[in-house]
1. For segment 59-74, check the following and say yes or no: at least one residue is among the β-branched types (V, I, T), modelled with pLDDT under 95 and open to solvent by 60 Å² or more (accessible area, probe 1.4 Å).
2. For residues in segment 88-100 being among the small types (G, A, S) and loosely packed, with under 15 Cβ neighbours inside 10 Å, which is farthest from the chain's Cα centre (by Cα)?
3. Considering (1) within 20 Å of T89 (Cα to Cα); (2) among the acidic types (D, E); (3) open to solvent by 70 Å² or more (accessible area, probe 1.4 Å), say which one D14 fails and leave the rest.
4. Return the total of residues in segment 34-58 being modelled with pLDDT of 95 or more, among the acidic types (D, E) and open to solvent by 90 Å² or more (accessible area, probe 1.4 Å).
5. Condition first: under 16 Å from the mean Cα position of the chain (by Cα) and within 17 Å of G87 (Cβ to Cβ). Now tell me which residues in segment 23-58 satisfy that.
6. Would you check if there is a residue in segment 62-81 being more than 30 Å from A120 (Cα to Cα) and out of contact with any Gly (no Cβ under 6 Å at 6 or more places or on another chain)?
7. Can you name every residue in segment 7-22 that is over 16 Å from L86 (Cα atoms) and touching a residue at least 40 places away in the same chain (Cβ under 8 Å)?
Amino acid sequence: MTSLVRHLTLDCTDAYRLARFWAEALDGSLAEDDLPGDPEATVTAAGTALLFVTVPEAKAGKNRVHLDLQPQDRGRDEEVERLLALGATPVADHRRPDGTGWVTLADIEGNEFCVERSAAERRAG
């Protein structure tokens, strides 16, 4: 028998607040019983489940694991702008003049993630 990844768990200072950001970012939903102030919150979205757990320590250093997002219904650059409007911050821009590359952003608690080109953008060249 094999094991399956049930959640990707992220430590944070405010589980509910960070889960709300990621629910918006991934067009997902919070568990019905997750409320502000809860020590844990779960986001379910297409293809993934993220569990946020409140811990007393702040983020320190670079992430050892990060998410790579691939937009499904818009291009990379549109998705970057949408995520910035949700509160993400730019970390590094790896876009190239030929349209390839990605953008590294940080969520509202500083956890880094990347936004890649959509499947349509990859097919186009």
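1. Yes, the conditions are met somewhere in segment 59-74.
2. Restricting attention to segment 88-100, the residues satisfying the condition of being among the small types (G, A, S) are 88, 92, 99.
Subsequent filtering for residues that are loosely packed, with under 15 Cβ neighbours inside 10 Å retains 92, 99.
Numbers: A92: 15, G99: 22 Å.
Applying the filter and picking the extreme gives G99.
3. (3)
4. Summing the residues that are modelled with pLDDT of 95 or more, among the acidic types (D, E) and open to solvent by 90 Å² or more (accessible area, probe 1.4 Å) in segment 34-58 gives 1.
5. Restricting attention to segment 23-58, the residues satisfying the condition of being under 16 Å from the mean Cα position of the chain (by Cα) are 23-30, 41-53.
Scanning segment 23-58 gives A23, E24, A25, L26, D27, G28, L30, A41, V43, L50, F52.
6. Initial filter on segment 62-81 (more than 30 Å from A120 (Cα to Cα)): 62.
Keeping just the survivors that are out of contact with any Gly (no Cβ under 6 Å at 6 or more places or on another chain) gives 62.
Yes; the residues of segment 62-81 include at least one that is more than 30 Å from A120 (Cα to Cα) and out of contact with any Gly (no Cβ under 6 Å at 6 or more places or on another chain).
7. So in segment 7-22, the residues over 16 Å from L86 (Cα atoms) come out as 7-15.
Within segment 7-22, H7, L8, T9, L10, D11, C12, T13, D14 qualify.
The values are calculated or read from the model by the stated rules, or taken from the named source; none is laboratory data. Quantities reported herein were computed from a predicted structural model and do not represent experimental measurements. Glycine also receives a Cβ, built like all others from the backbone with ideal geometry; neighbour counts cover every protein chain displayed. The protein model used for the area step is the full one, side chains on, heavy atoms only, and it has no ligands, DNA or RNA in it. Shrake-Rupley method; radii C 1.70, N 1.55, O 1.52, S 1.80 Å.
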